[in-house]
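First the structure, in the form of structure tokens, and then the observations on it.
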Amino acid sequence: MKKGFTLIETIAVLLLVSILAMSVLISMLPMTQGLLQVRENTAAAQKARLAMVRLSREFTTITNIESVSSASITYDFLVPSDSWYTTLTHTLSWDGTPGHPLMLEGVPLTDDVENFTLTYQAGPPPVIDVVLQSRVGESGNAYSNRIAPRNILAGP
């Protein structure tokens, strides 16, 4: 009896190994797509959270609200300077089109915005409700915050 593999046995082993490799690759495809979706959702959530933190910090130091609507606000706020504090005026706006960015002084604060609403209640105490919904995947993530400006002198 001869020792070793015949050509038919070698081809059969290669065929079985290739079928096994293809099944592994096909089963890994949904996992890879899921990983990419998780990364996209995480990045969008991080951008939306950073935007909310920035708005919370600025809205807390508002001294005057010049104008406000459901998707736009123009306000004065305090920033530290060399001697004391300086007042700056910013305009935050969203054009209402899903997928467009939320703009702060003409610069995108966050992109892929599905919905953005501002509600100002003159108080006392004055309160600004902010709702930001990011546009990611099948359903967006909504973030909301209620901010009470501590330095406000007058409302719109």
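The table below lists the values:
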{"item": "Verdict on E40 being over 30 Å from Y120 (Cα atoms), out of contact with any strand residue (DSSP E or B) (no Cβ under 9 Å at 6 or more places or on another chain) and surrounded by 11 or more Cβ atoms within 10 Å (Cβ to Cβ)", "result": "yes"}
{"item": "Residues (touching an Asp or Glu at 6+ places or on another chain (Cβ under 8 Å) and β-branched (V, I, T)) located in the range 32-62", "result": "I62"}
{"item": "Per-region count, the range 92-103, residues more than 15 Å from the chain's Cα centre (by Cα) and either in contact (Cβ under 8 Å) with a residue 12 or more places away in the chain or closer than 24 Å to R146 by Cβ (or both)", "result": "4"}
{"item": "Yes/no for T32 being in a helix (DSSP H, G or I), surrounded by 11 or more Cβ atoms within 10 Å (Cβ to Cβ) and without any contact (Cβ under 8 Å) to a residue 60 or more places away in the chain", "result": "no"}
{"item": "Failed item in (1) without any contact (Cβ under 8 Å) to a residue 24 or more places away in the chain; (2) under 18 Å from F77 (Cβ atoms), with P124 passing the rest", "result": "(2)"}
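FYI, it's all coordinate maths here, none of it is from the lab. Values in this document were obtained by computation on a predicted structure and should not be read as measured data. Glycine also receives a Cβ, built like all others from the backbone with ideal geometry; neighbour counts cover every protein chain displayed.
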